[in-house]
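Let me begin by handing over the structure; questions about it come next.
The values are calculated or read from the model by the stated rules, or taken from the named source; none is laboratory data. The shown structure was predicted, so the numbers you read here are calculated from the model rather than taken from an experiment. Here Cβ is always computed from backbone atoms with ideal geometry, including for glycine, and neighbour counts include all displayed protein chains.
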Amino acid sequence: MMEDDVNAIIAKVFSISESQINDQSGPENIESWDSFNGLILVDELENHFKIKFSISEITDVKTVADIKRHLKNHNIS
Amino acid sequence: MTLSKQIDDLKFDKKLKVAILSSFTLNGLDETIHVKCSQLGIKYQSFVAGYNQYNQELLEPSSDYYKFSPDITFLILDIRNLLGENFYNFNNISVEDRKSLTHEKIKELKNIIKNFENNSNSKLVITNFNIPYYSSNGILELKSEFGFHEMIEEINNSLRNISKTYNSIYIYNFTRFISKFGEKNIFDYRQFYLGDIQISLNFIPSFADELMSYVKPMCGLNKKCIILDLDNTLWGGIIGEDGFDGIELGHTPNGKAFVEFQKELLSLWEQGVILAINSKNNFDEAMKVIKEHPNMILREKNFASIQINWNDKAENLKHIVNEINIGLNSIVFCDDDKLNQERIKQEFPEVLTLELPDDPSQFVPILKDLNDFNVLQRTTEDKKRGEMYSQQRERNSLERSISNLDDFLQELNITVIIKKSNEFLIPRISQLTLKTNQFNLTTRRYQEEEIRTRSNDTNFSIGCAQVLDKFGDNGITGVYIVKKDENVWFIDTFLLSCRIMGRGVENAILSQILKDAKTNGVKQIKAEFIPTQKNKPAETFLSDYGFMKQDEFWVYNLDNNIKTPKHLKVEVE
């Protein structure tokens with residue numbers, strides 16, 4: 001459930017198709033994932049899941065897997 | 001973001017060059033304004049200065065910013081950047097030091113502005129500085145001698161005075177943006193620490209909307225007229241069912257909402273916004289409320305057109321547009337009925353149809369959220385507009401009572417006063433070039449700075465016409481710009497405000513230009529008609545007058561007679 005939502009939000013923010021996204025996706029391999037769009041992603045995720053990430057969580061994210069890990073720490077499943 | 005790139009291919013009839021200079025990260029603002037401009041049919045070109053590069057760009061005359069030569073520049077500054085460390089340790093320095101620091105900062109800003117004035121023809125919008133809700137002085141902040149908040153207020157006051165001195169400089173009241181949405185919402189500490197973002201990403205669209213308040217009037221896209229329904233829009237209830245004493249207006253909570261709504265509308269009317277009525281009702285019954293109800297704020301004289309009947313609302317709207325003679329895209333339609341809203345949206349997509357809810361307490365905030373009535377300069381004509389339109393209603397009834405047009409024109413006692421452009425007239429001349437669509441030969445748009453430059457250029461003759469008649473002063477309603485070469489004069493711009501069309505004024509102004517040319521030994525006048533979607537009324541003007549088509553131009557040989565209409569008096573100032 002959460003995983004599907006995350007992929008959909010990522011696809012929307014970076015204007016790519018969901019099939020291009022896997023747990024290893026990140027700024028390294030998604031071209032439009034720059035620091036600004038990264039913050040838009042944070043905004044979208046926070047609004048969707050009604051949570052707030054800490055700065056450490058935000059700066060720690062290197063891949064989609066990291067995002068999912070942090071969401072689990074916020075009790076999102 | 002991607003939308004902004006795709007829509008560039010659409011057709012645009014206006015263009016605007018925008019520069020954005022800021023002291024903090026404002027990613028996304030440029031793209032958002034781009035999208036909003038495109039939605040309005042404005043071709044958008046932008047220059048975004050590098051992060052915190054505003055000083056270099058504005059102080060160096062050969063900078064990329066000046067090379068870009070924008071029409072409008074947004075300079076968006078923040079107080080942390082301006083005050084540096086002193087933002088935090090103002091308590092550590094003496095009152096005298098606080099004062100001298102503040103004045104030094106004001107001097108810096110003035111120096112930037114002076115450089116801008118010397119090097120650019122752009123309009124400049126500078127944001128003033130937010131006064132943070134917090135001060136370590138706590139409850140004693142306002143008791144302290146030249147305290148933290150007073151420092152910022154002093155800077156803001158100086159900015160306000162600067163904007164009163166220079167025509168081309170505007171201060172955007174950023175403190176008002178903060179009071180509208182709240183500092184705690186707009187300033188997100190995480191985004192600030194992560195990337196010096198001081199307007200959080202969520203609020204970039206709202207901020208872009210605020211800046212669009214300048215863009216719309218620059219492109220002549222501001223709204224000029226509000227068309228209002230009556231039942232459940234200006235008062236509660238239905239006059240035909242509830243009767244004169246049964247409608248809600250005043251006293252009750254809903255009644256107060258309608259009164260307040262009318263007061264806000266009246267206030268817009270006093271600033272030059274035209275009001276009109278479009279209502280399905282029995283005319284006499286509804287007019288009795290407008291004329292006699294003790295709590296009614298808007299009265300007959302406030303409405304430029306009154307359509308109270310049982311006709312289709314779209315048909316009535318068309319009628320109002322014809323009577324007032326303005327473009328559909330300058331109209332706001334205000335009706336509580338969802339079906340009517342839908343009807344007008346479908347029939348006239350150019351009209352801004354408000355989505356009024358059933359609850360009248362929301363009418364005032366909805367009205368206040370519109371940022372569509374802005375003008376860059378309020379001229380005397382704007383303030384008198386309401387009065388002028390009620391005079392126009394009287395003129396129309398005279399016209400209906402006299403069947404022969406010549407007799408009617410004779411009866412009007414028209415005087416046309418031709419005035420050469422001067423500092424006092426420049427704002428109005430520019431305004432007319434920006435907003436006149438119908439009787440406009442070339443539809444060339446000129447900002448004030450451009451009119452000023454040409455007014456000082458002896459190769460140009462720029463003038464305007466004030467029109468008076470027995471019902472009153474129509475104000476400055478015609479403009480011409482002529483480029484003078486030795487043997488040929490070229491009519492670059494010739495326009496007439498539509499409310500004055502069809503009374504021979506256009507012929508009077510044109511013959512004055514021809515006479516002037518002849519006196520100066522000129523042989524030929526060259527003119528041009530550039531067709532647009534809206535300027536059909538001017539299409540045959542040149543040929544009717546006797547101009548001959550020559551390639552893409554219209555030419556008048558000055559050996560010919562110069563015809564002047566006889567029913568009006570022309571004075572040259």
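With over 27 Å from B:Tyr389 (Cβ atoms), in contact (Cβ under 8 Å) with a residue 40 or more places away in the chain and surrounded by fewer than 17 Cβ atoms within 10 Å (Cβ to Cβ) as the only criterion, which of B:Thr453, B:Thr458 stands out?
Matching residue, one of B:Thr453, B:Thr458: B:Thr453.
Scanning for something surrounded by 16 or more Cβ atoms within 10 Å (Cβ to Cβ), out of contact with any strand residue (DSSP E or B) (no Cβ under 6 Å at 6 or more places or on another chain), within 14 Å of chain A (Cβ to nearest Cβ) and at pLDDT below 95, does segment B:1-17 turn up at least one residue?
Looking through segment B:1-17, at least one residue is surrounded by 16 or more Cβ atoms within 10 Å (Cβ to Cβ), out of contact with any strand residue (DSSP E or B) (no Cβ under 6 Å at 6 or more places or on another chain), within 14 Å of chain A (Cβ to nearest Cβ) and at pLDDT below 95.
Something else now. Could you look through segment B:65-90, keep only residues that are β-branched (Val, Ile, Thr) and within 16 Å of B:Ile113 (Cα to Cα), and pick out the one that is farthest from the chain's Cα centre (by Cα)?
B:Ile76
Any residue at all in segment B:511-519 that is more than 27 Å from the chain's Cα centre (by Cα), hydrophobic (A, V, I, L, M, F, W, C) and under 27 Å from B:Thr379 (Cα atoms)?
Among the residues of segment B:511-519, at least one is more than 27 Å from the chain's Cα centre (by Cα), hydrophobic (A, V, I, L, M, F, W, C) and under 27 Å from B:Thr379 (Cα atoms), which makes the answer yes.
Restricting to segment B:269-297, name every residue that is within 15 Å of B:Glu387 (Cα to Cα) and in contact with a strand residue (DSSP E or B) (Cβ under 7 Å, 6 or more places away or on another chain).
Of everything in segment B:269-297, those that are within 15 Å of B:Glu387 (Cα to Cα) and in contact with a strand residue (DSSP E or B) (Cβ under 7 Å, 6 or more places away or on another chain) turn out to be B:Trp269, B:Val273, B:Ile274, B:Leu275, B:Ala276.
For segment B:394-423, name all the residues that are among the hydrophobic types (A, V, I, L, M, F, W, C) and crowded, with 17+ Cβ neighbours inside 10 Å.
Those that are among the hydrophobic types (A, V, I, L, M, F, W, C) and crowded, with 17+ Cβ neighbours inside 10 Å: B:Phe408, B:Leu409, B:Leu412, B:Ile414, B:Val416, B:Ile418.
Can you tell me which residue in segment B:316-329 is modelled with the lowest pLDDT, limited to those that are crowded, with 19+ Cβ neighbours inside 10 Å and either more than 18 Å from the chain's Cα centre (by Cα) or under 15 Å from B:Ile306 (Cβ atoms) (or both)?
B:Ile324
Follow-up question, since we're still on this one. Which of the residues that make up segment B:504-531 are surrounded by fewer than 16 Cβ atoms within 10 Å (Cβ to Cβ), part of a helix (DSSP H, G or I) and among the polar types (S, T, N, Q)?
B:Thr519
While we're on this one: Going by the conditions given, is B:Lys291 basic (Lys, Arg), assigned to a helix (DSSP H, G or I) and buried (at least 21 other Cβ atoms within 10 Å of the Cβ)?
So B:Lys291 does not fit the description; no.
May I pose another question? Mind checking which helices (runs of 4 or more DSSP H) fall wholly inside segment B:395-497 and carry at least 2 residues that are farther than 30 Å from B:Tyr214 by Cα?
It comes to B:405-412.
Hey, could you check segment B:330-345 for residues that are touching a residue at least 60 places away in the same chain (Cβ under 8 Å) and surrounded by 19 or more Cβ atoms within 10 Å (Cβ to Cβ) and say which is farthest from B:Lys368 (Cα to Cα)?
The residue in question is B:Asn340.
Let me ask something additional. Go through segment B:355-372 and give me each residue that's among the hydrophobic types (A, V, I, L, M, F, W, C) and either part of a helix (DSSP H, G or I) or surrounded by 20 or more Cβ atoms within 10 Å (Cβ to Cβ) (or both).
B:Leu356, B:Phe363, B:Val364, B:Ile366, B:Leu367
Here's a follow-up. Among what's in segment B:523-543 and is at pLDDT 90 or above and among the charged types (D, E, K, R), pick the residue that is farthest from B:Val416 (Cα to Cα).
For segment B:523-543, the residue satisfying everything is B:Lys523.
Further question on the same structure: For residues in segment B:169-207 being farther than 16 Å from B:Asn128 by Cα and within 24 Å of the chain's Cα centre (by Cα), which is nearest to the other protein chains (Cβ to nearest Cβ)?
By that ranking, first place goes to B:Ile204.
Filter segment B:251-260 for residues that are assigned to a loop (DSSP other than H, G, I, E, B) and either of a type in the set (A, V, I, L, M) or under 16 Å from B:Gln362 (Cα atoms) (or both) and give the result.
B:Thr252
Oh, and also: Within the set of pairs 6+ apart or on separate chains, which have a first residue in segment B:243-272 that is within 13 Å of B:Asn295 (Cβ to Cβ), a second that is among the aliphatic types (A, V, I, L, M) and in a helix (DSSP H, G or I), and C-beta atoms under 6 Å apart?
Note: pairs meeting the criteria are B:Ile247/B:Ile239; B:Gly250/B:Val259; B:Glu260/B:Val364; B:Phe261/B:Val364.
Which residues, counting only those in segment A:26-58, are surrounded by 13 or more Cβ atoms within 10 Å (Cβ to Cβ) and over 17 Å from B:Asn27 (Cβ atoms)?
Within segment A:26-58, A:Gly26, A:Ile30, A:Leu45, A:Glu46, A:His48, A:Phe49, A:Ile51, A:Phe53, A:Glu57 meet the criteria.
With the condition being touching a strand residue (DSSP E or B) at 6+ places or on another chain (Cβ under 8 Å) and modelled with pLDDT of 95 or more, I'd like the helices (runs of 4 or more DSSP H) fully within segment B:187-247 carrying at least 1 qualifying residues.
Answer list for segment B:187-247: B:204-218.
Which condition breaks for B:Glu486 when tested against (1) of a type outside the set (A, V, I, L, M); (2) out of contact with any helix residue (DSSP H, G or I) (no Cβ under 9 Å at 6 or more places or on another chain); (3) within 29 Å of B:Ser120 (Cα to Cα)?
Failing condition for B:Glu486: (3).
Enumerate the pairs (first residue in segment B:388-399 and farther than 16 Å from B:Ala276 by Cβ; second residue anywhere and part of a helix (DSSP H, G or I)) with beta-carbon separation below 7 Å, excluding pairs fewer than 6 apart on the same chain, so at least 6 apart or on different chains.
Partner pairs satisfying both residue conditions: B:Leu398/B:Phe408; B:Leu398/B:Glu411; B:Glu399/B:Phe408.
Pairs, please: C-beta under 6 Å, at least 6 apart or cross-chain, first residue over 16 Å from B:Gly237 (Cα atoms) and in segment B:283-311, second part of a loop (DSSP other than H, G, I, E, B)?
That search, which allows pairs on different chains as well, returns B:Ile308/B:Asn281.
Then there is this: Report, ordered by the first and then the second residue, all pairs with beta carbons closer than 7 Å, sequence separation of six or more or different chains, a first member in segment B:158-179 that is under 21 Å from B:Asp71 (Cβ atoms), and a second member that is of a type in the set (Ser, Thr, Tyr) and at pLDDT 95 or above.
Close Cβ pairs (under 7 Å, with a partner that is of a type in the set (Ser, Thr, Tyr) and at pLDDT 95 or above) amount to B:Ser163/B:Tyr170; B:Tyr170/B:Tyr214; B:Tyr172/B:Thr127.
Restricting attention to segment B:168-186, which residues are touching a strand residue (DSSP E or B) at 6+ places or on another chain (Cβ under 6 Å) and of a type in the set (Ser, Thr, Tyr)?
Matches in segment B:168-186: B:Ser168, B:Tyr170, B:Tyr172.
Right, here's the next one. Give me the residue from segment B:450-500 that is within 16 Å of B:Thr415 (Cβ to Cβ) and charged (D, E, K, R) and, out of that set, farthest from the chain's Cα centre (by Cα).
The qualifying residue farthest from the chain's Cα centre (by Cα) is B:Lys470.
Given the options B:Asn520, B:Asn437, name the one that is within 24 Å of B:Tyr556 (Cβ to Cβ) and at pLDDT below 95.
One residue alone meets the criteria, B:Asn520.
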